[in-house]
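A quick write-up on the structure given underneath.
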Amino acid sequence: MIGLLKGMATTLKHAVDGETFTVSYPEEPPEVSPRFRGVHKFSQERCIWCRQCENICPNDTIQIVMDDSHNGEQYNLHIGQCIYCRLCEEVCPVDAILLTQNFEFVAETKDEFAYNMEELRNVPWYNSIDPLEAREPDREAWVGEGEGEVDYQ
Amino acid sequence: MTLPTTIEEALPVGGVAAEAVAALAAATVIGTFVMLNTALAGPWAKRKITAAFTDRISVNQFGPLGVGIVVPDAVRLVSKELIVPEGADRPAWDLAPLVLVFSALFAFAVIPMGNGVHLADPAVGLVFVFAIASVASLGLVMAGYASNNKYAFLGGLRAVAQNLAYEIPLILIGISVVLYTGSLQMSEIVATQRETLVSLGPLSVPGWFAIVNPFAFVLFLVANVAEVGRNPFDVPEAPTEIVAGYQTEYSSVYFVLIYLGEFVHIFLGGAIIATIFLGGPAGPVLPGIVWFLLKIWAMFLFTQWLRSAVPRVRIDQLIEIGWKRLLVLAFVNLFATATVVGVLAA
Amino acid sequence: MSLQRQPVGETPDGLDYDALAELLDGYVLDREQHLNCEAFVIRPDDVAAVLSTLRDRAAFDHLSLVTAQEYRDRYESIYHLKKYDDPTQELSLVVPTPRDQPHSQSGADVFDTAIWHEREAYDLVGIEYDDHPDLRRILLPETWQGHPLSLDYNQDKPQIVPLREHANPMEGRTDVADRSDTMFINIGPHHPATHGVLHLKTVVDGEQVVDIDPDIGYLHRCEEQMCQQSTYRHQIMPYPDRWDYVSAGILNEWAYARAAESLADIDVPVYAQVLRTMSAELCRICAHLLAIGTFALDIYGEFTAIFMYAVTDRERIQNLLEELTGQRLMFNYLRLGGVAWGLPEPRAEYLETVRSVMAEFPDRLEEYHNLLTSNELFQMRVLDTGVLPAETAKSYGATGPVARGSGIDYDLRRDDPYGYYDELDWEVVTDDGGDNFSRALVRLQEMEQSARIVRQCVDVLADWSGEREIQSDVPRTVKPGGEVYRAVEGAKGELGIYIRADGTDTPARFKIRSPAFSNLQTLEVLAEGEYIADMIATLGSLDIVLGEVDR
């Protein structure tokens, strides 16, 4: 009986102390770590079209279309099938792709999650941190340079 | 004086018609009153209480403390599609939710809630309450058997076994109260408890049966929790074992009825305890009806508290506790009370 | 007398394979070198004889895994044997069978765990095991055409099954004849207590379970094959997070990292090992908290506060992991040769946060003990239910808290050290009860030990003076060769990876030894004869994650 009462006392203690752990979500968004991996943001200005991100992507989320002389470049990313592993960001030599802190995005159909270059550029930052700065200290460790040739195509 | 008589006297005309109108009006008032409580308890209070135990915020968007959730929740529940399982035993399947709700509601007819809110005061009040409340078992069997679902069937069987095992101790403990009061009439039971037991200076302790015989009170609490099917005795539903037991196949309005029925039952259990153990509407300063409400809500809170921390017992353990422990203790209590009452009378 | 005898091949310097070969004289056709141990090639009709000889004479009492694979010229089953007393003593049995006649003798007579493992091999690769008690598909539906991991399987061909073939796939699938006093009931795949999409074909007699047959595979996502199509260097690592997806991610990643690092001979800097150890133990605490919370749900009912408290505590630790790795569940934190991130800046502040969460943890555990283990009704429910004797546990290849709850002192962190564990001061928790209570108790006490490990790691990290090297120099493309089977202590038990590398940058065969798969197999033993309620509690105490069972 003592143990039973001890259990009841424990829950009662939680009930009367009035503390809550949950947050009122849309009004108070939770804190997100600077390392958080959310929706991709793409910078066309930085991109050198080396296609390493396309190669490293484990499940073909990134699709780059262009001809041999780099004409008609397209950068498509199906955010609906992305697994947020952040390998594309790690492998990018020029920081052209970054995973933002943005995790709130909705669409009515899966097709709408196929983002093209323009949509990727317009992905918002909504927290006031500079991701590059936040991540800089460990940057060189992301994808070890190591031996062996780098296949830019 | 009961509510229908009060209304009848207020009416300009008399006779059978007035009596009928008054009875109907009084029944409506009390039915609405009970339903209001359950409507508040089901979608709102239960959420808030569970949230308090588990450190969450829970509903807080509509109205003060989110109490407005009752309205959208009602709309949501009622507007859902009613799915009738293939092979359901139709009349029984349809009737079961009604039986569940009304068995509990009818019993409220004889409960004195204070300030004259009392529908009827027959001489056999206590027997009436137990008799009507146990009709719910029938509803459970009907729901379980007619659903044509194995989980529902298991749940129905469990419900019957449980109600049989706990109704008898419940009534036996009830009889010990009758020995004390010498009457089955509810108003009489309440009146007896109003007498002062002992006076401690300015404070006078009333003769509530819970104070006179706390042993019976604890036994009754346990048996009552089993009777309303809440932790640790919620085996007929036991969602993690048999999905939802007898209510597995119910949806939409029927589900609402069953859900309501459960809450009315919890409140009925609270009302019975308040009436026969806690002096009914008695209490200082505040009006009787408020005290009565406080008492039944306290019982509701107690069941929710149990849910947060007490494990569900297994069906065989449940039956064992019922027949081997509670029944024996109930008899012990009965004989002890009889002896004491007899000695005091002599 | 025979019990006193020293097991064959055991010497102070490790295993003497020559002595073992001598013991199996006449059976061994050839000896191969795998990276973790030697492998003996035997004939397909000698499997049972060799397995029982090794078990009885050489104390190989743990059949960890059965791998099946197809080569251009043959099929091959590999039985990975270990010892519960010393898992570093390993031996593999390679059983080749010709392509035109893929028949091999079953090992199910010797090790019960082979029943499911061979069913899986039959299902996915297509090797037929003679004398198998119950050879049918396990992960894929009965109507499936072909064996997906065989070489000639056409992946692009859609599998079209008419509805009538699925008329009632559940009927007539139990060992119990249809009796008038029993009832067949499908528990799951959609049921509140099956912890995922598990389907239990159950025959009940009143409230008691007469026969139970777990039907798995509803969450089969071709994880092994996906890994076979991904490159070692980067692409495989995100996927282990998704096997045991309830926050045991880093433990799973470590299983892959350990196998691939020993395959490609990659060193890991000590600083990275400490980071790995700390983050892995944080993951273990999260996973055990969820296990305890859901176990409480099964016993207390859905309104219990314990589940919410467990999730709350888990949330605090997930916040730490998010700071460190960038995500709350799908960490992708480990890399071959190290980890992806160092400690978040400012380092001291982060370590202080970890320290304060871990300092509070014993108090939190005390609360679980108050709510669970000291509660008389809880004890009434779980003591002496779902009893798993140690011998049965070994035969079924149970590992992790399930084995330790049966008194088997087996923990790879200590017995087959990796990471930074052997530098730290902690204990392996065991309990002899073997019942549901013991398994819950072991998990609770293991969390305490994990918190202890984390605290020590924090101290090491805080006092670190040397170079903070988080990754060694690893080639951009890894193209190893050879075969390896390596395991780590995952949240549910021994999580092993077998990789056959063929010199390309993707594995030729990638096989996952899922602890939950083996543990779930014991359910049949545990639950038959129990009440339905105890069966559910037993299932909860086994702590399966269907993502890992089905892979």
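The values are calculated or read from the model by the stated rules, or taken from the named source; none is laboratory data. Note that this is a predicted model, so its numbers are computed, not measured. Here Cβ is always computed from backbone atoms with ideal geometry, including for glycine, and neighbour counts include all displayed protein chains.
Odds and ends about this structure:
- Looking only at region B:42-55, residues that are of a type outside the set (D, E) and within 11 Å of chain C (Cβ to nearest Cβ) come to 8 in all.
- Scope region C:263-286; condition of a type in the set (G, A, S) and crowded, with 24+ Cβ neighbours inside 10 Å; matching residues: C:A272, C:S279, C:A280
- Selection of region C:363-396 for residues being within 16 Å of C:D543 (Cβ to Cβ), away from chain A (no Cβ under 14 Å) and of a type outside the set (S, T, N, Q) yields C:G386, C:L388, C:A393, C:Y396.
- Test set (1) modelled with pLDDT of 90 or more; (2) within 7 Å of another protein chain (Cβ to nearest Cβ) - C:L297 fails condition number: (1)
- Top-ranked residue in region A:94-112 [being away from chain C (no Cβ under 14 Å) and within 10 Å of A:V39 (Cβ to Cβ); ranked as surrounded by the fewest Cβ atoms within 10 Å (Cβ to Cβ)]: A:E104
- Sole residue being modelled with pLDDT under 85, in a helix (DSSP H, G or I) and either of a type outside the set (A, V, I, L, M, F, W, C) or farther than 29 Å from B:R90 by Cα (or both), chosen from B:I175, B:I171, B:I211: B:I211
- First in region B:203-220 and closer than 15 Å to B:I189 by Cβ, second anywhere and not in a helix (DSSP H, G or I), Cβ under 6 Å, 6 or more apart: B:P206/B:G279; B:G207/B:E195; B:G207/B:L197; B:W208/B:L278; B:W208/B:G279; B:A210/B:L278
- The helices (runs of 4 or more DSSP H) found wholly in region C:299-407 and carrying at least 2 residues that are within 30 Å of A:K6 (Cβ to Cβ) occupy C:305-325, C:347-368, C:376-382, C:400-404.
Yes/no per residue for (1) assigned to a loop (DSSP other than H, G, I, E, B); (2) within 19 Å of C:P148 (Cβ to Cβ); (3) in the same structural domain as C:Y485 (by TED's automatic domain parsing):
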| position | (1), (2), (3) |
| --- | --- |
| C:D46 | no, no, no |
| C:R55 | no, no, no |
| C:T67 | no, yes, no |
| C:A121 | no, yes, no |
| C:G126 | yes, yes, no |
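- Every listed requirement among (1) over 28 Å from C:I536 (Cα atoms); (2) more than 14 Å from chain C (Cβ to nearest Cβ); (3) out of contact with any Lys or Arg (no Cβ under 9 Å at 6 or more places or on another chain); (4) at pLDDT 80 or above is met by B:V205 save one, (4).
- Region B:22-68 - residue that is farther than 16 Å from B:F267 by Cα and among the charged types (D, E, K, R) and, of those, surrounded by the fewest Cβ atoms within 10 Å (Cβ to Cβ): B:R56
- For region B:232-289, residues that are of a type in the set (V, I, T), crowded, with 24+ Cβ neighbours inside 10 Å and away from every other protein chain (no Cβ under 14 Å) total 4.
- C:R316, sole failed condition from (1) within 14 Å of chain B (Cβ to nearest Cβ); (2) among the basic types (K, R); (3) crowded, with 24+ Cβ neighbours inside 10 Å: (3)
- Qualifying residue in region B:216-235 (condition: among the aliphatic types (A, V, I, L, M), in a loop (DSSP other than H, G, I, E, B) and at pLDDT below 80): no
- Some residue of region C:454-464 being under 18 Å from C:H288 (Cα atoms), surrounded by 24 or more Cβ atoms within 10 Å (Cβ to Cβ) and touching a helix residue (DSSP H, G or I) at 6+ places or on another chain (Cβ under 7 Å): yes
- Of all residues in region A:10-54, those satisfying the criterion of being among the hydrophobic types (A, V, I, L, M, F, W, C) and either at pLDDT below 80 or surrounded by 14 or more Cβ atoms within 10 Å (Cβ to Cβ) (or both) are A:L12, A:A15, A:F21, A:V32, A:F36, A:V39, A:F42, A:C47, A:W49, A:C50, A:C53.
- Among all residues of region B:169-181, there is none that is surrounded by fewer than 19 Cβ atoms within 10 Å (Cβ to Cβ), without any contact (Cβ under 8 Å) to a residue 40 or more places away in the chain and more than 14 Å from chain C (Cβ to nearest Cβ).
- Qualifying residue in region B:306-314 (condition: charged (D, E, K, R), away from chain C (no Cβ under 14 Å) and crowded, with 18+ Cβ neighbours inside 10 Å): no
- For region C:522-544, residues that are surrounded by fewer than 24 Cβ atoms within 10 Å (Cβ to Cβ) and either in a loop (DSSP other than H, G, I, E, B) or within 16 Å of the chain's Cα centre (by Cα) (or both) total 4.
- Residue check for B:T38: within 26 Å of the chain's Cα centre (by Cα), in a helix (DSSP H, G or I), under 26 Å from B:E188 (Cα atoms) and more than 14 Å from every other protein chain (Cβ to nearest Cβ): no
- Among the residues of region C:69-116, the ones that are over 17 Å from C:Y27 (Cα atoms), assigned to a loop (DSSP other than H, G, I, E, B) and of a type in the set (S, T, Y) come to 4 in all.
- Beta carbons closer than 6 Å, at least 6 apart along the sequence or on distinct chains, pair a first residue in region B:15-41 that is at negative phi with a second that is of a type outside the set (V, I, T) and not in a helix (DSSP H, G or I) for B:A18/B:L11; B:A26/B:L119; B:I30/B:L119.
- Checked against (1) facing another protein chain (nearest Cβ under 8 Å); (2) of a type outside the set (G, A, S); (3) touching a residue at least 24 places away in the same chain (Cβ under 8 Å); (4) more than 19 Å from C:L542 (Cβ to Cβ), C:L321 meets all criteria but (1).
- Yes/no for B:M142 being touching a residue at least 12 places away in the same chain (Cβ under 8 Å) and not in a helix (DSSP H, G or I): no
- Apart from one condition, B:S58 fits all of (1) of a type outside the set (D, E); (2) touching a Gly at 6+ places or on another chain (Cβ under 8 Å); (3) assigned to a helix (DSSP H, G or I); (4) within 14 Å of chain C (Cβ to nearest Cβ); the exception is (3).
Condition check ((1) facing chain C (nearest Cβ under 9 Å); (2) within 30 Å of B:D55 (Cβ to Cβ)) across all residues:
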position	(1), (2)
A:G3	yes, yes
A:H14	yes, yes
A:Y25	no, yes
A:F36	yes, yes
A:K41	no, no
A:I64	no, no
A:N71	no, no
A:C92	no, no
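- B:L200 passes every criterion in (1) touching a helix residue (DSSP H, G or I) at 6+ places or on another chain (Cβ under 8 Å); (2) away from chain C (no Cβ under 14 Å) apart from (1).
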